[in-house]
Structures are given as C-alpha cells and as structure tokens.
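Structure record follows, encoded as structure tokens.
The values are calculated or read from the model by the stated rules, or taken from the named source; none is laboratory data. Just so it is clear, the model here is predicted, and its values are computed rather than measured. Positions of Cβ are backbone-derived with ideal geometry, glycine not excepted, and every protein chain shown enters the neighbour counts. Heavy atoms of the whole protein, side chains included, go into the accessibility calculation; ligands, DNA and RNA do not. Shrake-Rupley method; radii C 1.70, N 1.55, O 1.52, S 1.80 Å.
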Amino acid sequence: QVRLVESGGGLVQAGGSLNLSCAPSGSISLIKTMGWYRQAPGKQRELVASISDVAVTNYADSVRGRFTISRNNARRTVTLQMTRLKPEYTAVYYCNSVTFSNSMNWGQGTQVTVSS
C-alpha cells in the first residue's frame, strides 16, 4: 500500500507561481509513475502532469511550458512547479501514484486558487 501526502497549494494572483509537493510512504519501491491531477468544481478530474520511474514526463496541453514536474528518486518525492498561473487553473490538485502492477493511489488533495 502506498500513502501520498501533499503539501503546497494556496492562493496566488494570476501570473504568479506556486509549488506542490507529494511525499509517498509505504511500499514506495513499487511505484512506477507519479503525477498530479486536478478537479475544478463541476468538472471531471484531469491529468496535469506525470513522471515515470525513468523520468519520462507527460503534460496536459494547457500547462505545457508553464508547469514542470520533477522527481527525487531517493525519496520518491514529486514536485510540481507551477508558473504563470491562470484563474482557470483553480482546482483541487491531487497527487497520484501507479505501481508496476497498475495499482493506483491518491492523495487527499490540496486547493489551488488563482485570483484574477
């Protein structure tokens, strides 16, 4: 079992920056991919960015060039650096992990609010 604890988030003005971090615990050696999803009110949860165990990254088109996902392989923490934020990025952001056996786990979510 993998447990994910998120930190960061909060309120920021449009054009500003914010960092999110996710620290896994438990069976972390089983984790293949980690990523961030977000869910805005009334909308479906969507992938923001992900990074594999060999540092292959994937970004949603809406954030490519603005967000950077990185991974500390020693501690398996994942950081999402968010720059040039837009009001439409306001959502609850969730950390996600997928193991080599395709078992998925979620963090509790952290609120990101971008004011215009």
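Quick notes
- Percent of Cα-Cα distances greater than 13 Å, calculated over the range 20-67: 64
- Solvent-accessible area of the chain (1.4 angstrom probe, protein heavy atoms only): carbon and sulfur portion equals 48 percent.
- Taken per residue, the accessible surface of the chain reaches 53 Å², heavy atoms only and a 1.4 Å probe.
- Basic side chains Lys and Arg get +1 at the Cβ, acidic Asp and Glu get -1 at the Cβ, and with that the dipole of the range 36-116 about its Cα centre reaches some 160 debye.
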